[in-house]
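Notes to accompany the following structure.
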Amino acid sequence: MDSDLTPQAVREIAAGYAFTGPALDLGAVLLDGTAYPDAQVRIPLGVLNRHGLVAGATGTGKTKTLQLIAEQLSAQGVPVFLADIKGDVSGVAAPGTPSERTGARAAEVGQQWEPRGCPAEFYALGGQGAGIPIRATVTSFGPLLLAKVLDLNETQESSLTLVFHYADAKGLELYDLKDLTAVIAFLASPEGKEELRTIGGLSAATAGVILRALTVLENEGAGAFFGEPEFDTAELLRTAPDGRGVVSVLELPAVQDRPRLFSTFLMWLLADLYQELPEVGDPDKPKLVFFFDEAHLLFKGASKAFLEAITQTVRLIRSKGVGIFFVTQTPRDVPSDVLAQLGNRVQHALRAFTPDDAKALKATVSTFPRSSYDLGAVLTSLGTGEAVVTVLSEKGAPTPVAATRLRAPQSLMGPIEVADLRAVVDASPLTVRYRDAIDRESAYEKLAARAPRPEAAPAGPPASAPPEPAARREEREGKAREQAGVGGLLGSLLNNPSVKSFARSAGKQLGQEISRSLFGTSKRRR
């Protein structure tokens, strides 16, 4: 660095980012609109499991920042997971296109730019898109996450947890939505209520709410997301033969109108990783860096139990070698208990057009360490591809706040052609493994198989048979109406003494209750 040309403030900031070990290069320090290429802003590779936040208003360059970080992580041998909300992240797999604008940016920030793509896999929830299908079994997904998808209140969430507890204990596999529907219909019947007497109850009203929510979910096409073959999250930890980390891109444009669903599925991926990965402490580099886009959707309307589970997962998964970056508009979108665990911050520009915007700006400024910048002014004047950065040093201390002009990604800044994306998917060995859905015998089939076949009704009652008393007839018809309201034809099929007998013996025949994690997710290989 030429000390004669660099202001004292820039020298002091740059000294805070002069790391000795491997690091990712974000860009150059920015002061009064001028970038100083000799003053580089970086993130130590070893602290990326301490989590982070990428925030900023729409159109300020958050997606390009994710791409920049992802391609450098890949080059360092670290696998990356990206959620592609708008369909413009797939370009990470292809070399970028040289341009005058890219060359100018590289010169401004001291970057040796050359076009380079990353090894990538493309996924799609339930196969709704061109990517490799990602599915989860209902039993693996667990009651807390499913309750979030179904928009259940806390009472209904507790009842759903009871249903999972019963199915686990009795060995009734919940692979898809029809399995869960069958078990709920049974448990809401008179025979099922008898089964639940020792562990709790499920009211007909609550069962009806859950069943209706499941029907809506099924009608929206979400049934394709639940089932087998279930995705093994260990696939996200792969490296290419040349040692670069694989960038896993989850396509979401086909389901972006169902934000509650895809945000909860992202949390399932994290919860499953937490459940399966061994403890590694603080490795030299992370096993995986997971970018959680549209993070505000995860927290919006979440129950207390759900928020506690998120907080605990974020706190503990770092010791499994997984780093999480939440991506959203303002830090206020993230609960304070979670925000406190995000050691690395890249804050793009904010707008202050309304009183609410002004409050959000003030709250954002308060979350940064003290600095010589007027952050309120800086955050409202940053251009696209510029951000305020503070990260953890190699010793775990916060670095100085640095306004930064960010580097340009070396991969393609935009989507690749659909034909090229399909070619990558077709060439992947994972396509054959996950492409075709399968439907094994599970709770639905087992309960239905135990229902007795109806016998032919006699032509008429015996001549000596007395007429049915009115009170008994009314009781019988009332029970029939209750069963029809809860389960319809399925309830009529399943609500019988034979099913009751089967359910009581199922636990002995099919195994012990499933062990569940913080989120109620179950271990993968059941």
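Some notes on this structure:
- Charging the Cβ of each Asp and Glu at -1 and of each Lys and Arg at +1, and nothing else, the dipole of region 25-72 about its Cα centre rounds to 240 debye.
- Seen from every direction in turn and averaged, the convex hull around the alpha carbons of region 309-451 projects onto 15.9 nm².
- Note on region 298-360: Kirkwood radius taken over Cα pairs, Stokes-Einstein applied at 10 °C and 1.306 mPa s, translational D equal to 119 µm² s⁻¹.
- If you bin all the Cα-Cα distances of region 3-68 at 5 Å, starting from zero, the percentages per bin are 3, 14, 21, 22, 21, 13, 5, 1.
- Per-selection Kirkwood Rh - region 252-328 (Cα, Å, 1 d.p.): 13.2 Å
- To the nearest 10, the accessible area of Lys359 is 130 Å² with a 1.4 Å probe.
- Fully extending the segment from Asp436 to Lys362, taken as 0.36 nm per residue of separation minus the present Cα-Cα distance, adds 21.6 nm.
- Extension gain from Arg422 to Asp282, taking 0.36 nm per residue of separation minus the Cα-Cα distance: 46.7 nm
- Cα centroid of region 174-212 to Cα centroid of region 69-101, whole Å: 46 Å
- With the alpha-carbon atoms of region 268-383 aligned to their principal axes, the span from lowest to highest coordinate is 46, 35, 22 Å, starting with the largest.
- Count of lysine pairs in region 269-424 with Cα separation under 20 Å (8 or more residues apart, or interchain): 6
- Full-stretch length increase - Thr20, Arg101 - with 0.36 nm per residue and alpha-carbon distance subtracted: 26.0 nm
- Modelled FRET efficiency - R0 41 Å, His296 with Leu196, Cβ distances, 0.05 increments: 0.65
- Kirkwood radius, region 158-203, all distinct C-alpha pairs, inverse of mean reciprocal distance: 10.5 Å.
- Rg/Rg_globular for region 353-400, with Rg_globular taken as 2.2 N^0.38 Å and Rg from C-alpha atoms: 1.30
- The radius of gyration of the Cα set in region 89-190, together with its Dmax, comes out at 23.7, 75 angstrom.
The values are calculated or read from the model by the stated rules, or taken from the named source; none is laboratory data. Small disclaimer: the values here were computed from a predicted structure and weren't measured. Glycine also receives a Cβ, built like all others from the backbone with ideal geometry; neighbour counts cover every protein chain displayed. Surface areas here come from the heavy atoms of the whole protein model, side chains and all, with no ligands, DNA or RNA. Shrake-Rupley method; radii C 1.70, N 1.55, O 1.52, S 1.80 Å.
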